[in-house]
Amino acid sequence: MRPAVEAKGVTRVFRGTGQDSVRALDNVSVAIRENEFFTLLGPSGCGKTTLLRLIAGFDFPTDGEILLYGQDIAPLPPFKRPVNTVFQSYALFPHMTVADNIGFGLKMLGRPKAEIEARVDAMLKLVHMQELKNRRTSQISGGQQQRVALARALAPQPKVLLLDEPLSALDYKLRKEMQIELKRLQHETGITFIFVTHDQEEALTMSDRIAVMSSGNILQVGTPWDVYDHPAERFVADFIGETNFLTGTVENAGNGQAQVALRSGAKIRAIAAVDFRAGSNATLMVRPEHAKLVKGRGDLGGIIENIVYFGTDTHIHVRLDEGDVFMVRQQNSRSAGCGFENGTRVGISIGDDAAQLLKD
Amino acid sequence: MAKRFDVRRQNGFVSLAILCFFLLYLPIATLVVYAFNDNDSLAIWKGFSLRWFHVAWNNGLVIESSIRSFQIAAVAALLATISATMAALATTRTKPYRGLTFKYAFINQPLMVPEIVTAVALLIVFSRIKIWTGYSGLGYLIAAHTAFCVPFAYLPIRARLESMDLALETAAADLYATKWKTFLHVTLPLLWPGILAGLMLAFVVSLDDVVITEFVKSGGQDTLPTYMLGQIRRGVTPEINAISTAFLVLSIGIVTAFFFVSRKRT
């Protein structure tokens, strides 16, 4: 199937004054499928918003192609692209009513009045805003403005909807609500969503697939499960979720498996997605919830430094014999405490598939 | 905390403020009061009368120069506001570049060059043009007024444009509006209060200009302010007060009207 949006070798260089120019995107290629909730995830300055702006047409690539259903749209101005955007600041027109905002795109397309009215009503219904139809956008709350911005962008039935950190201005509870709401809208409209965020939790809960970006490059594209459990490299593992990193020397490797010796002499079996040479240095990652504290000897040993209670679970920080701190997440139960005490010596057991070797 | 640093709590603030208002408004108040004086003298109060308003109203020269003032102000303010709007758009809807600050200064030149210098320069240039073309109509006054009104119209319009969220225009483009439609449906409606404020300022500034008008006008082209200046040279009656008062009321009326119109827009 032809991808909805495809970036082919896209580079965007911002020329600064004199010598310093910024390579916001460096030869980026990615294919986004039709009817997919696709997230561009990365820290600020990674190029995710630049890529979104290139797709929207607010900016033009220095090099490369941007294809929309196979057609190169890179040279087209934004008003000629069947793509709409939900802005971070919402950018609602303050001199228009809610209904006029939603109908703006269709009006600009020169659609007949009756059609616009019907579509505006349908959109208002879709985002549950019928009662506020004739309000000014300054007279509604932030969450409601967010819904109007969504309805306005969806009204012209774009082929692709771009969302530029649309939830960042909302408080925690409203953000959670809108995450579910967005998923529902995407499902109901069947439109391809491209969502930009720096919030890894948001990306994991909402996306069909995630592209993790850093300094102008896409490091990994995959399902939330892929990027969380099988990160391609250290940056991805570090950026998404919490991770323990251990460094050691590869003793033997092959068949997607490896054995790594740590400085303390502990040996750990790990999954190795790429081939590692025996004798080379490598980084191991273990997610806190995939390790287990044991009284007595485990794969690793250390002394408990800190116990932090989080309601649903408890984080136990262990100072390893290697010198690093290792964090273990333990599910809480109602009756018993975590069973460990500060300052005591414990072992950490790591399951066969819990550790993974990473490229640096 | 904030209250302790409130400027109104500073020692002597209230008395200083009262003194300032007193100095500002006492002369004007006196002028207005003596407009109703039933005496030939400006200084000695004889009794209340509308006599001088009646005299001014029946003075053909006053009416004629008033009409001329309004004609010039209306045309000049309109032309200045249109140019200022275009200049403001050109200087704000662009990435900063070398020479932009110079352009600001260039546009606001009439605020910086002493008016008398401009007046003498215009006198010299226009007198030549008058000889070459034979035309000596109101065009010269309108051109001169338009030129010095531009910065007064430009400043509020630019301020409005700068405070406007650029994302709004981006959003319009995203929603299939061409550049012209974006201007028409988004930029212009949001810019209206700035444009009206600019128009009003330009109008008022043109209306009471003396120096440039005095130098540029041809014979028989007195505006109300230059007419009044001429009258004062010949001995003053409260007629001048009456004209000034009428002028004052009209100005306040115009400013208030514009204020309400522009407030409704926002």
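The values are calculated or read from the model by the stated rules, or taken from the named source; none is laboratory data. Treat the numbers as computed from the prediction; the structure is a model and nothing was measured. Neighbour counts are summed over all protein chains in view; Cβ atoms, including those assigned to glycine, are modelled from backbone coordinates with ideal geometry.
Overview of results
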item	result
Lone qualifier among A:235, A:245 - being part of a strand (DSSP E or B) and under 26 Å from the mean Cα position of the chain (by Cα)	A:245
Residues of the stretch A:144-179 satisfying the condition of being at pLDDT 90 or above, part of a helix (DSSP H, G or I) and of a type in the set (A, V, I, L, M, F, W, C)	A:148, A:149, A:150, A:151, A:153, A:154
Residue check, residue A:137 closer than 25 Å to residue A:35 by Cβ, of a type outside the set (D, E, K, R) and within 13 Å of another protein chain (Cβ to nearest Cβ)	no
Some residue of the stretch A:167-177 being within 19 Å of the chain's Cα centre (by Cα), crowded, with 20+ Cβ neighbours inside 10 Å and away from chain B (no Cβ under 12 Å)	yes
Which listed residue, of B:157, B:129, is more than 14 Å from every other protein chain (Cβ to nearest Cβ) and surrounded by fewer than 20 Cβ atoms within 10 Å (Cβ to Cβ)	B:129
Selection from the stretch A:315-328 of residues that are in a strand (DSSP E or B), surrounded by fewer than 19 Cβ atoms within 10 Å (Cβ to Cβ) and not aliphatic (A, V, I, L, M)	A:315, A:317, A:319
Condition check for residue A:100: crowded, with 17+ Cβ neighbours inside 10 Å, assigned by TED's automatic domain parsing to the domain that holds residue A:123 and among the acidic types (Asp, Glu)	yes
The stretch B:160-196, residues that are farther than 28 Å from residue A:83 by Cβ, surrounded by fewer than 19 Cβ atoms within 10 Å (Cβ to Cβ) and within 11 Å of chain A (Cβ to nearest Cβ)	B:192
One residue from A:254, A:248 being without any contact (Cβ under 8 Å) to a residue 40 or more places away in the chain, out of contact with any His (no Cβ under 9 Å at 6 or more places or on another chain) and surrounded by 21 or more Cβ atoms within 10 Å (Cβ to Cβ)	A:248
So residue A:197, is it more than 14 Å from chain B (Cβ to nearest Cβ) and either surrounded by 23 or more Cβ atoms within 10 Å (Cβ to Cβ) or in contact (Cβ under 8 Å) with a residue 60 or more places away in the chain (or both)	yes
For residue A:118: the one exception among (1) within 14 Å of chain B (Cβ to nearest Cβ); (2) not in a loop (DSSP other than H, G, I, E, B)	(1)
Near pairs, Cβ below 6 angstrom, 6+ apart or cross-chain, from the stretch B:243-256 (on the phi > 0 side of the Ramachandran plot and surrounded by 11 or more Cβ atoms within 10 Å (Cβ to Cβ)) to any residue that is at pLDDT below 90 and not in a helix (DSSP H, G or I)	none
Count of residues meeting criterion [in a helix (DSSP H, G or I) and among the acidic types (Asp, Glu)] in the stretch A:34-70	0
Complete set of residues in the stretch B:227-245 that are among the β-branched types (Val, Ile, Thr) and within 12 Å of residue B:36 (Cβ to Cβ)	B:245
Residue satisfying all of: in the stretch A:71-97; facing chain B (nearest Cβ under 9 Å) and in a strand (DSSP E or B); surrounded by the most Cβ atoms within 10 Å (Cβ to Cβ) among these	A:85
Helices (runs of 4 or more DSSP H) lying entirely in the stretch B:94-200 (those with 3 or more residues that are at negative phi and aromatic (Phe, Trp, Tyr))	B:100-107, B:139-163
Test set (1) in contact with a helix residue (DSSP H, G or I) (Cβ under 6 Å, 6 or more places away or on another chain); (2) part of a helix (DSSP H, G or I); (3) of a type outside the set (Asp, Glu) - residue A:228 fails condition number	(1)
Answer from B:55, B:14 - the residue that is within 30 Å of residue B:231 (Cα to Cα) and among the aliphatic types (A, V, I, L, M)	B:55
In the stretch A:44-64, the residues that are more than 14 Å from chain B (Cβ to nearest Cβ) and either surrounded by 21 or more Cβ atoms within 10 Å (Cβ to Cβ) or under 16 Å from residue A:88 (Cβ atoms) (or both)	A:44, A:45, A:46, A:47, A:48, A:50, A:51, A:61
Residue satisfying all of: in the stretch B:201-214; assigned to a helix (DSSP H, G or I) and not hydrophobic (A, V, I, L, M, F, W, C); nearest to the other protein chains (Cβ to nearest Cβ) among these	B:206
Candidate set from the stretch A:1-33 (those that are part of a strand (DSSP E or B) and of a type in the set (Ser, Thr, Tyr)); member that is modelled with the lowest pLDDT	A:21
For residue A:101: the one exception among (1) of a type outside the set (Val, Ile, Thr); (2) touching a Leu at 6+ places or on another chain (Cβ under 7 Å); (3) at the interface with chain B (Cβ under 8 Å from one of its Cβ atoms)	(3)
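Results for (1) touching a Pro at 6+ places or on another chain (Cβ under 8 Å); (2) more than 19 Å from residue A:182 (Cβ to Cβ), shown as yes or no for each residue.
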{"residue": "A:58", "(1), (2)": "yes, yes"}
{"residue": "A:87", "(1), (2)": "yes, no"}
{"residue": "A:97", "(1), (2)": "no, yes"}
{"residue": "A:104", "(1), (2)": "no, yes"}
{"residue": "A:110", "(1), (2)": "no, yes"}
{"residue": "A:115", "(1), (2)": "no, yes"}
{"residue": "A:126", "(1), (2)": "no, no"}
